[in-house]
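Heads up, the thing below is written out as structure tokens.
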Amino acid sequence: MKYQTLLFDVDDTLLDFQATERVALKRLFAFAGVTETPALVAKYKEMNHELWRSFERGERTRDEVIYQRFGMFFESLGKKVDGVALENQYRIFLEEGHDLMPDSREIITDLSQRADLYIVTNGVSQTQYRRLTDAKLLPFFKDVFVSEDTGYQKPMIEYFDYVFDRIPNFAKEQAVIIGDSLTSDIQGGITAGIDTIWLNPQKTTGMIQPTYEIQQLTELYGILGS
Ligand SMILES: [Mg+2]
């Protein structure tokens, strides 16, 4: 294999977060007594995306993002809510979802026999472990690095230093990161000095240049060797 150490992002790389989020939001809106519409969901997603971008830039902590987002969102609809309580309920709904990306488990099962697989994810530790376990993916990974546990997040160099320090016999030239986010996965890999594979199913464009770009996970074989 071209690489010995494969670092996988979770959401929208191995697990279909968008599918899980869709269901969880539907349940949360019902829980909050608000009628869900596509426009409201789009509005929430935009606000949430901006908050996570500010987290990546180091402007907000993870807790500030997750405990403020529903308060901010429902307030923008003129509804006063308990943002912390809603977040806690949302986490329960999210944890119950673990939809897989196409071919994800088959490919991970196969690759785990030929390389060392690790999880690199910006997220909430308990949620990510639960979802990876329920999706029957967890046993295929040698270790899991969730930003909440590391104290840093992708794309920060400190996050990658933390990860590299904990991988036995780590060699940068034998490592590659695979993820769907240009700003966290690909930018992080570039900053950390390793090769990058951008999973870009929608064929969007961006300013950050990955080493490789794929539309689906099966294309990994063309890069890694079958
Ligand atoms: Mg992702």
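With the requirement that a residue be charged (D, E, K, R), within 16 Å of the ligand (Cβ to nearest atom) and in a helix (DSSP H, G or I), what does region 96-146 give you?
R131
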Exercise for review: Select from region 89-119 the residues that are among the polar types (S, T, N, Q) and within 18 Å of K45 (Cα to Cα) and list them in ascending order.
Suggested key: Q89
Review point. Quick check: is even one residue across region 82-93 buried (at least 16 other Cβ atoms within 10 Å of the Cβ), out of contact with any strand residue (DSSP E or B) (no Cβ under 7 Å at 6 or more places or on another chain) and either under 12 Å from L15 (Cα atoms) or among the hydrophobic types (A, V, I, L, M, F, W, C) (or both)?
Key: yes
Practice item. For K79, indicate whether it is part of a loop (DSSP other than H, G, I, E, B) and either away from the ligand (no atom under 16 Å from the Cβ) or assigned by TED's automatic domain parsing to the domain that holds K154 (or both). Key: yes
Exercise for review: State whether one or more residues within region 143-150 are surrounded by fewer than 19 Cβ atoms within 10 Å (Cβ to Cβ), over 18 Å from the mean Cα position of the chain (by Cα) and of a type outside the set (K, R).
Suggested key: no
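Residues checked against (1) within 16 Å of the ligand (Cβ to nearest atom); (2) within 18 Å of the chain's Cα centre (by Cα); (3) within 22 Å of L199 (Cα to Cα); (4) not in a helix (DSSP H, G or I):
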site: K2; (1), (2), (3), (4): no, no, yes, yes
site: L6; (1), (2), (3), (4): yes, yes, yes, yes
site: R22; (1), (2), (3), (4): yes, yes, yes, no
site: A30; (1), (2), (3), (4): no, no, no, no
site: L40; (1), (2), (3), (4): no, no, no, no
site: E50; (1), (2), (3), (4): no, yes, yes, no
site: E59; (1), (2), (3), (4): no, no, no, yes
site: D63; (1), (2), (3), (4): no, yes, no, no
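The values are calculated or read from the model by the stated rules, or taken from the named source; none is laboratory data. Quantities reported herein were computed from a predicted structural model and do not represent experimental measurements. Ideal geometry is used to build each Cβ from the backbone, glycine not excepted, and the neighbour counts take in all protein chains shown.
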